[in-house]
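Only one structure is covered here, and it is reproduced in the block below.
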Amino acid sequence: MSFDQLEAALEERRSAHLYRRRRLLQSPQGPEVVVDGVAGLAFCSNDYLGLANHPALQRAMIEGVERFGVGGGASHLVMGHTTAHHALEEALAEWTGRPRALLFSTGYMANMGSINALLDKQDAVFEDRLNHASLLDGGLLSGARFQRYLHNDVDSLTQRLGRTDARRKLVVTDGVFSMDGDIADLPGLSAATREAGGWLMVDDAHGFGCLGQQGGGCVEHFGLGIDEVPVLMGTLGKAFGTAGAFVAGSETLIETLIQFARSYIYTTSMPPAVAWATLASLKLVREESWRRDKLNQLIAQFRRGAAELGFELMDSPTPIQPIVIGEADQALGISQALEQQGIYVTAIRPPTVPVGSSRLRVTLTATHSEEQVNRLLEALNQARGALSHGAISQGATSQG
Ligand code: PMP
């Protein structure tokens, strides 16, 4: 059988300016990067606290390899659960104020596995319509009745909860929305969920490390305990600068996941040195609150500057600062013009975001400088000018 049909689908993507292409990063993560042989400034990583290449993490990773070797070697339930994994689970439980935490190899797997362990056909799942793909996929795969409510809208959720006779009700939301940067109304969502006898699951991939005095994310930001957010998920590949994810909650929740979460059971444990490095990272996340202060200063500087230039910003107090452009080709054109000035910002297009809301997803990190943010603002202004004068050839270089 030939692949002609697949070629046609690829061509369709290309002609709609929706084709995704990878860049080749030839340096460590950081504000200054080398991409495809060219040095530039990056405003597109999720390394929000600037820890991905931190010397303390490098040392811990090397020490972890020396103590535990390289590979996990087996799944957690067979022979892959090392003292490094265990120590990290205990530290994450303590930090999040939950009795237990469970490590997963990626956030995608944590979400797929957890939702599927908690629900089946007799149940219902309620998801914010802008939830991350892994949450939506997890809900769809579970076989539970699947409903999406309007973005961050407690009334819309309440109406849907009121109409269900499902056995279990799981409400699922991003803590910080990955493409918009806004913070979920967790107190409101939690009250509505508890009123209906359901459980709230929060994926705080983008809040942990960035929000809260100790970087404890949305739940620390709002002061919410285990009763309000019984299923709390976080990732380690963003502000923590390493890789993997965790779910924190009660003894019963964690035991349920160990018994029933297929993406936990049937996969090799993450390399133990990654867990060891993450322990070092957690210490920095908790103690170095100057990183959050610096980040907040840069966020304020960027928002002020972009608003003065007349860019349309979203209602985001977090390091995710999208600039909505509208059409995919326009967003791509500006991203490309920025790249010509040595600035990397990703254009995010459908299906990742709704049609007509293509955007530049600017992300800031604690290791950027004020001067670098000013360079970004100048470059944005120039790129927009170049686009409106038709000076940019539109290819396909960005993701999303
Ligand atoms: N949840 C959210 C909100 C995310 O943004 C991401 C990653 N982009 C994930 C889950 C998946 O995490 P991971 O990259 O560890 O698979």
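Taken together, the values in this text are just the output of simple stated rules run on the coordinates, not laboratory data. Bear in mind that the values here come from a model prediction, so they are computed numbers and not experimental data. Methodologically, a virtual Cβ is constructed for each residue, glycine included, from the backbone with ideal geometry; neighbour enumeration extends over all protein chains shown.
Data table
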item: Which of 234, 70, 33, positive extreme of dipole for the chain (C-beta unit charges); result: 70
item: Label-to-label distance, nm, for residues given as residue 24 and residue 307 (7 Å Cα→Cβ offset); result: 4.3 nm
item: Fraction of antiparallel bridges per DSSP, the chain only, in percent to nearest 5; result: 60 percent
item: Least to most buried among 199, 276, 290 (fewest other Cβ within 10 Å first); result: 290, 199, 276
item: Per-residue HN-Hα couplings for the range 222-238 [Karplus 6.51, -1.76, 1.60; θ = phi - 60°; Hz; x = Gly/Pro]; result: 9, x, 9, x, 5, 5, 7, 10, x, 10, 10, 10, x, 10, 10, x, 10
item: Nonlocal amide H pairs with residue 148, under 5 Å, H built at 1.01 Å; result: 127
item: Cβ-Cβ FRET estimate between residue 56 and residue 4, R0 fixed at 51 Å, reported to 0.05; result: 0.45
item: Net +/- balance of residues flanking residue 272 in space, Cβ distance below 13 Å, scoring K and R +1, D and E -1; result: -2
item: Contour excess over end-to-end distance, with Cα ends at residue 256 and residue 371 and 0.36 nm allotted per residue; result: 36.5 nm
item: Sites matching trypsin sites (Lys or Arg not before Pro) across the range 1-60 that sit in DSSP coil, with at most 10 neighbouring C-beta atoms within 10 Å; result: 21, 22
item: Separation of alpha-carbon centers, the range 133-148 and the range 84-121, rounded to whole Å; result: 18 Å
item: Using alpha-carbon coordinates, inclination of helix 370-388 to the longest axis of the chain, degrees; result: 60 degrees
item: Additional length obtainable on full extension of the chain from residue 159 to residue 15, 0.36 nm per residue less Cα span; result: 47.8 nm
item: Ranked packing of 113-119, 369-375, most packed first, by mean Cβ within 10 Å; result: 113-119, 369-375
item: Once the Cα gyration tensor of the chain is diagonalised, semi-axes √(5λ) in Å; result: 33, 26, 22
item: Exposure proxy ranking, count of Cβ atoms within 10 Å, fewest first, for 98, 304; result: 304, 98
item: Protection proxy ranking of 158-164, 124-130 - average other beta-carbon atoms within 10 Å, highest first; result: 124-130, 158-164
item: Neighbourhood charge, 15 Å Cβ-Cβ cut-off, centred on residue 312 and excluding it, Lys, Arg +1 and Asp, Glu -1; result: 0
item: On Cα atoms only, tilt of 4-15 relative to the major axis of the chain in degrees; result: 60 degrees
item: 3J(HN,Hα) from dihedral phi, the range 316-329, Karplus parametrisation 6.51/-1.76/1.60, rounded to Hz, x for glycine, proline; result: 10, x, 10, x, 8, 10, x, 10, 7, 10, x, 7, 4, 5
item: Length added when fully stretched, residue 129-residue 77, from 0.36 nm per residue minus Cα-Cα; result: 15.3 nm
item: Dipole of the chain [Lys/Arg +1, Asp/Glu -1 at C-beta], most positive-end residue of 205, 170, 17; result: 17
item: Long-range HN-HN contacts of residue 205 with modeled amide H, under 5 Å; result: 175, 176, 235
item: Helical mean residue ellipticity (222 nm; -39500 (n - 2.57) per DSSP H run of 4+; nearest 500) of the chain; result: -13000 deg cm²/dmol
item: In Hz, Karplus ³J(HN,Hα) per residue of the range 249-257 (6.51, -1.76, 1.60; θ = phi - 60°; x = Gly, Pro); result: x, 6, 3, 5, 4, 5, 5, 4, 5
item: The chain: Lys pairs at Cα distance under 20 angstrom, eight or more positions apart or on different chains; result: 4
item: Degrees separating the helix 272-287 axis from the principal Cα axis of the chain, which is the longest one; result: 80 degrees
